[in-house]
Amino acid sequence: MKTIFHKAFLAALLLLPMTAFGATAGVKEETFIEVLKQGGWCMYPIGGFSLATLWLIIDIWLRTNPKKMMPEDDITIARQAFLAGDYVGAYQAMKAATSPFADVVRSSLASIGYGKAATEEAMLSEVDKVNSKLQTRINYLSVIGVCTPMVGLLGTVSGMRGAFASLGSAGIGDPAALSGHIGEVLIATAAGLFIAIPAFMGFYFLRNKLQASMHGLEEEAERLFRNAPYDY
């Protein structure tokens, strides 16, 4: 239920700019497609950035969830195998699992025969690998936050060029054409900024969430290997 609420909230947040643009038209309530056409060509890549931002935020939120990083079933199986001294069975069980916790434990078990230092090194290496993979996804939000206003700026320049061309050819005798180009400028600029803001907010929030999740993952793995018989 909480996941559905988060998805609905994020969708409403990212589609709010389009609703606001339609509401400020003053004459009638406009659909998303109508607003998209008014914004010019740049609204298509901005719309793509909006969908990408929504997908990345939801995807990374789910991936960095503690229950996804460290499933209770994987932790229970690993603990029971360690208590029974069945390290081969623990390795096989973690090999069959797909969670980051299972990957860390499996990599650590592969080096347990070489001593405590080698095991801890393998553990930290796998933790860094998991962190790097998720951090790469989070960095895409920063890229979107930087590129989207630039696309909006290109749309602004394009709309201004059309406005001056209309003003130069028809003068002020055709205010409808001039206002159409000005509206394109305003929509393009605002749309780029509205998508960049949640992208940057998601970037910083999810980056901090990832750091907390990785600390929890590392602590859980260290707790599991704390009493491992390295000498044996």
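Annotations for the structure displayed:
- Total residues in the range 100-122, condition closer than 18 Å to Gly89 by Cβ, within 34 Å of the chain's Cα centre (by Cα) and in contact (Cβ under 8 Å) with a residue 24 or more places away in the chain: 7
- Complete set of residues in the range 186-210 that are among the aliphatic types (A, V, I, L, M), in contact (Cβ under 8 Å) with a residue 60 or more places away in the chain and under 30 Å from Val157 (Cβ atoms): Ile187, Ala188, Ala190, Ala191, Ile195, Ala199
- Among the residues of the range 191-232, the ones that are among the aliphatic types (A, V, I, L, M), under 30 Å from Arg106 (Cβ atoms) and assigned to a helix (DSSP H, G or I) come to 7 in all.
- Check on Lys68, modelled with pLDDT under 65, assigned to a helix (DSSP H, G or I) and within 29 Å of Ser132 (Cβ to Cβ): no
- When Ala81 is tested against (1) buried (at least 20 other Cβ atoms within 10 Å of the Cβ); (2) in contact with a Phe, Trp or Tyr (Cβ under 6 Å, 6 or more places away or on another chain), exactly one condition is not met: (2).
- Restricting attention to the range 211-227 and to residues that are over 16 Å from Phe82 (Cβ atoms) and in contact (Cβ under 8 Å) with a residue 24 or more places away in the chain, the residue that is farthest from the chain's Cα centre (by Cα) turns out to be Glu218.
The values are calculated or read from the model by the stated rules, or taken from the named source; none is laboratory data. Treat the numbers as computed from the prediction; the structure is a model and nothing was measured. Note that we place each Cβ from the backbone using ideal geometry, even for glycine, and neighbour counts take in every protein chain shown.
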